[in-house]
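The values are calculated or read from the model by the stated rules, or taken from the named source; none is laboratory data. As the structure is a prediction and not an experimental result, all values here were calculated from the model. Reconstructed Cβ throughout: ideal geometry from the backbone, glycine too, with neighbour counts over all protein chains shown. SASA here: full protein model, heavy atoms, side chains in, ligands and nucleic acids out. Shrake-Rupley method; radii C 1.70, N 1.55, O 1.52, S 1.80 Å.
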Amino acid sequence: NGCIHIFEDKQDKGTVDLQSCVISICHSAKRDEMFIACEDKSLKVVDIANRKVLKQIIPHELYTSSMAISSDGHFLTTTSPDKTIRIWGLPNLNVIAADSHHQPKYGEAGLCIAATLSSNSHDYFASGGADGIVKVFARSK
């Protein structure tokens, strides 16, 4: 129905009306925010404590199918059936990198993005697609 309920210690702390059904949610513990991808193609940033939508963008031509936040909380990676992966700088949601990746099959392309891992020199993330391929990407720090 487009609403999410926020709970703390099993108690309902309130509702956020997103006005569109949710496809994917990613939580940033470092920022106490949720990134929520919706059917209307929007990506909404929600302040958990205040239950308010802070920002809304349209990150892809089609809906966002999956998201992951870097371990340091500085980047959000998104993927979409439009065959693109985007890396967003946080907190401003500015595009750091964009790439076309998986080939479509059965009307889908990029299906999921794995949580990122960090080393001293690189951030790594992986995406899986309907083409049956898993791709691992590295971004220099």
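At-a-glance table
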quantity: Which numbered condition SER100 misses (of (1) open to solvent by less than 70 Å² (accessible area, probe 1.4 Å); (2) of a type in the set (Gly, Ala, Ser); (3) closer than 25 Å to TYR124 by Cβ); calculated: (1)
quantity: Matching residues in the stretch 103-141 - criterion: being surrounded by fewer than 16 Cβ atoms within 10 Å (Cβ to Cβ), aliphatic (A, V, I, L, M), modelled with pLDDT under 65 and in a strand (DSSP E or B); calculated: LEU117
quantity: Segments classed as strands (runs of 3 or more DSSP E), wholly inside the stretch 23-91, with at least 1 members that are at pLDDT below 90, under 26 Å from HIS122 (Cβ atoms) and open to solvent by less than 30 Å² (accessible area, probe 1.4 Å); calculated: 66-69, 75-79, 84-89
quantity: Test: ILE96 is of a type in the set (Val, Ile, Thr), more than 12 Å from the chain's Cα centre (by Cα) and under 24 Å from SER140 (Cα atoms); calculated: yes
quantity: Filter pass, ALA68 being within 22 Å of THR84 (Cα to Cα) and hydrophobic (A, V, I, L, M, F, W, C); calculated: yes
